[in-house]
Amino acid sequence: MAMKQLSGAEESHSLSRPPSSVDILFDKSFRALTCTFTWATILLLAFIVYKIGRQAIPAVSTYGLGFLTSTTWDVNAHEFGILPEIWGTLYSSFLALFLGGFFGITIAIFLTQDFLPHKLEMILKNIIELLAAIPSVVYGLWGIYVLIPLIRPVADLLHDNLGWIPFFSTSLSGPGMFPAVLVLSIMILPTVAAISQDAFRAIPHKTKEAAFGMGTTRWEAILRVMLPTASGGIFGALVLGFGRALGETMALAMLVGNANEISLSLFAPANTLAALLALNFPEAGELEASVLMYAACVLLLITLLVNIAGAAIISRTGSGGKK
Amino acid sequence: MKMKSLLQVVATGAAVALFVLPAAASEVRLTGSGASFPAPIYTTWFKQFTRANKGIQVNYQAKGSGAGIRDFMNHTVDFAASDAAMKDEEIAKVAEGVQLLPMTAGEIVLAYNLDGVKGLNLPRSVYPGIFLGKIKKWNDPAIVAANPGVTLPDEEITVVTRADSSGTTFVFTKHLCAISPDFESGPGTGKTVNWPSEAKMVKAPKNDGVTATIKQTPGAIGYIEYGFARMSKLEMASLENKEGHFVAPGLEGGQAALANAVIPENMIVWLPDPAGVDSYPMATYTWMMFYKKYDSPEKAEALRKMVIYCLDEGQKIADKAGYIPLPANVVEKVRAASANIQ
């Protein structure tokens, strides 16, 4: 046998042989191709940032940093400020992340920790992922025609009885922060749930067995062992969900009420950067277009900061886990 | 334009080479973009016009008045449409010259959602106050006084305005400025204005968004196109006109309002506060814009044909579609002016 293999190697019939020139060519061109695509993506991003930034220059030089702290948006008086939009974007995204994140992680635990037969798990997983396939405008319409009438009695009850709490200080007039946040959290739910599930599935089965072996109950195993082990992935899921919430446009434009107002109240109308951009671009004049580009830069920057912060925290928790 | 004709040459060449159909070369394609308010009737007109005239294709994209004007000035379309007409400085930038033609007219209504209240009367001292956030309750004494025999609920008024920039807002605010000095010194006239910040002031995108929001919000009022309100069966308020009469929106009130306007040479006329006992106070023309000089005579001829079709056949369906047919004298003026499209 050994003899045969050796001689086979000499005649280069065995599995291990030096790469032929075709292999090398293929390898090199594949490398070049992937390299090109990677750089093309980066260049495309740079080009987009450059384009937006250049168009924003007139607005930046006119309004400066005051643009970020002013609350007026008056096209006729050429006064622009996006503080209410920045507030609305962050407020709605955080609330949605809180709600969507909680339910997303709960769903991920339920679907990965052997609560259900495997087949049923798969079916539910796919159904939840289908939520991601619903177009944003459908969510918006659903919000207007189904969700708002549904939550109106609850909102009225809260406002009438607990109106002294700032969150319920105004009555719901229809579109507003609360319906927007609810729809937003449903929209980020599949992202959070799917990635968290992957994080749980990636944990070797041994880890759980070891926990059980040490005498933990099922809940102790899930909460004390599985959840911390998967925390890096779950955090990544939350960052992605937050990113999606920041940029979500159409459903919010239809539901948030688009009012230039800063309010803690969940039932007051608000506005977000993405909705502002989407609704004002089609008819914007020269100066307004530049101002909107400035707002787009701000949105880009917020998203970037969130992603960087997310990446930093993930890498820190990752190294913490290894210790 | 150059790019486009090049494309056309290539496309035609391909068609000829493939099918050997010399007739394909004579097809004229007209592209337009602009106002979304008249879009339902325009698309119906263009469909019928295309069917009646073999060899002419009309495409219309309802992008909004501002986008239409921009396309028109960049020469990416053959014609455009706008509710806010065109500003003089915009016209001056078009080297070929611009011919504006009013093609149809519409009304803006105040639609509201109040259980059991039909045919609400709103005096001209009241509705600017509602949109300024000064009148906050439906049982405000000023509203009650104008509606004897109607029980108005002790409910807060939710005011719905447009979130996007729009010709509808332009016409509506122009009217409010004409009748209310407070409104003029406050928000002013524009395609978007700075509405007062109140918890009960919400904004929704497009005519359909405002319509849906009013429909879903008890105690809401908002301004929309007549056609939208009629289609969605919303209640519409009767408004007090210049002569102190309450007029309900509809064909008669609209026609009476238009009858009092004299169309000037440049075809741009506004009716911020029409006179006349029967006039509904918020009516407006909407325009199509054409170049005075086209590169291809076939195109100019097709466009003239299209205008004549809209004037003769198109006006007949205007009322059914929720628009006001042009008065006969306006039709003749537009017909004469359409000869300027060469």
Residue in region B:148-155 that is among the polar types (S, T, N, Q) and crowded, with 18+ Cβ neighbours inside 10 Å present: no
Identity of the residue in region A:88-139, of a type in the set (Ser, Thr, Tyr), within 20 Å of the chain's Cα centre (by Cα) and farther than 12 Å from A:VAL183 by Cβ, that ends up most open to solvent (accessible area, probe 1.4 Å): A:THR106
Condition broken by B:ALA81, with the remaining ones in (1) away from chain A (no Cβ under 14 Å); (2) outside any helix (DSSP H, G or I); (3) touching a residue at least 60 places away in the same chain (Cβ under 8 Å) satisfied: (1)
Inter-residue pairs, beta-carbon under 7 Å, first farther than 13 Å from A:ASN271 by Cβ and in region A:83-97, second open to solvent by 30 Å² or more (accessible area, probe 1.4 Å), 6+ apart: A:LEU97/A:LEU238
Those residues of region B:181-204 which are away from chain A (no Cβ under 11 Å) and either open to solvent by less than 10 Å² (accessible area, probe 1.4 Å) or aliphatic (A, V, I, L, M) (or both), in sequence order: B:PHE183
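Per-residue answers, yes or no, for (1) open to solvent by 20 Å² or more (accessible area, probe 1.4 Å); (2) at pLDDT below 95; (3) of a type outside the set (Phe, Trp, Tyr); (4) within 30 Å of B:LEU303 (Cβ to Cβ):
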residue: B:THR76; (1), (2), (3), (4): yes, yes, yes, yes
residue: B:ASP83; (1), (2), (3), (4): no, yes, yes, yes
residue: B:GLN99; (1), (2), (3), (4): no, yes, yes, yes
residue: B:GLY106; (1), (2), (3), (4): no, yes, yes, yes
residue: B:GLY116; (1), (2), (3), (4): yes, yes, yes, no
residue: B:ALA145; (1), (2), (3), (4): yes, yes, yes, no
Helices (runs of 4 or more DSSP H) wholly inside region A:140-241 that include at least 1 residues being modelled with pLDDT under 90 and open to solvent by 10 Å² or more (accessible area, probe 1.4 Å): A:148-162, A:205-213
Output for region A:244-258, where each listed residue is open to solvent by less than 10 Å² (accessible area, probe 1.4 Å), under 24 Å from A:LEU301 (Cβ atoms) and within 11 Å of chain B (Cβ to nearest Cβ): A:LEU252, A:ALA253, A:VAL256, A:ASN258
Number of the condition not met by B:GLY55 [criteria: (1) buried (at least 20 other Cβ atoms within 10 Å of the Cβ); (2) over 24 Å from B:THR168 (Cβ atoms)]: (1)
Contacts under 6 angstrom Cβ, first residue in region B:294-311 being closer than 19 Å to B:GLY97 by Cβ, partner assigned to a helix (DSSP H, G or I), 6 or more apart: B:TYR294/B:ALA300; B:ARG304/B:SER338; B:MET306/B:PHE49; B:VAL307/B:SER338
In region B:93-109, the residues that are in a strand (DSSP E or B) and more than 15 Å from the chain's Cα centre (by Cα): B:VAL98, B:GLN99
Residue that is least open to solvent (accessible area, probe 1.4 Å), among those in region B:262-283 that are without any contact (Cβ under 8 Å) to a residue 24 or more places away in the chain and either out of contact with any strand residue (DSSP E or B) (no Cβ under 8 Å at 6 or more places or on another chain) or more than 28 Å from B:GLU90 (Cβ to Cβ) (or both): B:PRO264
Filter pass, A:GLY174 being on the phi > 0 side of the Ramachandran plot and not basic (Lys, Arg): yes
Number of the condition not met by B:THR173 [criteria: (1) hydroxyl-bearing (Ser, Thr, Tyr); (2) buried (at least 23 other Cβ atoms within 10 Å of the Cβ); (3) more than 14 Å from chain A (Cβ to nearest Cβ)]: (3)
Complete set of residues in region A:259-277 that are facing chain B (nearest Cβ under 8 Å) and over 25 Å from A:ILE165 (Cβ atoms): A:ALA275
Some residue of region B:119-135 being buried (at least 23 other Cβ atoms within 10 Å of the Cβ), within 22 Å of B:VAL247 (Cα to Cα) and without any contact (Cβ under 8 Å) to a residue 24 or more places away in the chain: no
Flag if B:TYR291 is within 25 Å of B:ILE317 (Cα to Cα) and in contact (Cβ under 8 Å) with a residue 12 or more places away in the chain: no
Given (1) within 24 Å of B:SER65 (Cα to Cα); (2) within 13 Å of another protein chain (Cβ to nearest Cβ); (3) touching a Ser or Thr at 6+ places or on another chain (Cβ under 6 Å); (4) open to solvent by less than 10 Å² (accessible area, probe 1.4 Å), number of the condition B:ILE224 does not satisfy: (2)
Any chance B:TRP138 is touching a strand residue (DSSP E or B) at 6+ places or on another chain (Cβ under 7 Å) and either touching a residue at least 24 places away in the same chain (Cβ under 8 Å) or within 14 Å of chain A (Cβ to nearest Cβ) (or both): no
Cβ-Cβ under 7 Å pairs, at least 6 apart or on other chains, region A:136-150 side away from chain B (no Cβ under 11 Å), far side in a helix (DSSP H, G or I): A:SER136/A:MET250; A:SER136/A:ALA251; A:TYR139/A:VAL183; A:TYR139/A:MET187; A:TYR139/A:ALA251
Strands (runs of 3 or more DSSP E) within region B:212-323 that include 3 or more residues of a type in the set (A, V, I, L, M) and on the phi < 0 side of the Ramachandran plot: B:220-225, B:283-291
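The values are calculated or read from the model by the stated rules, or taken from the named source; none is laboratory data. Bear in mind that the values here come from a model prediction, so they are computed numbers and not experimental data. Note: ideal-geometry Cβ built from the backbone for every residue, glycine included; neighbour counts use all protein chains shown. When the accessible area is computed, the model is the full protein with side chains, heavy atoms only, and any ligands, DNA or RNA have been set aside. Shrake-Rupley method; radii C 1.70, N 1.55, O 1.52, S 1.80 Å.
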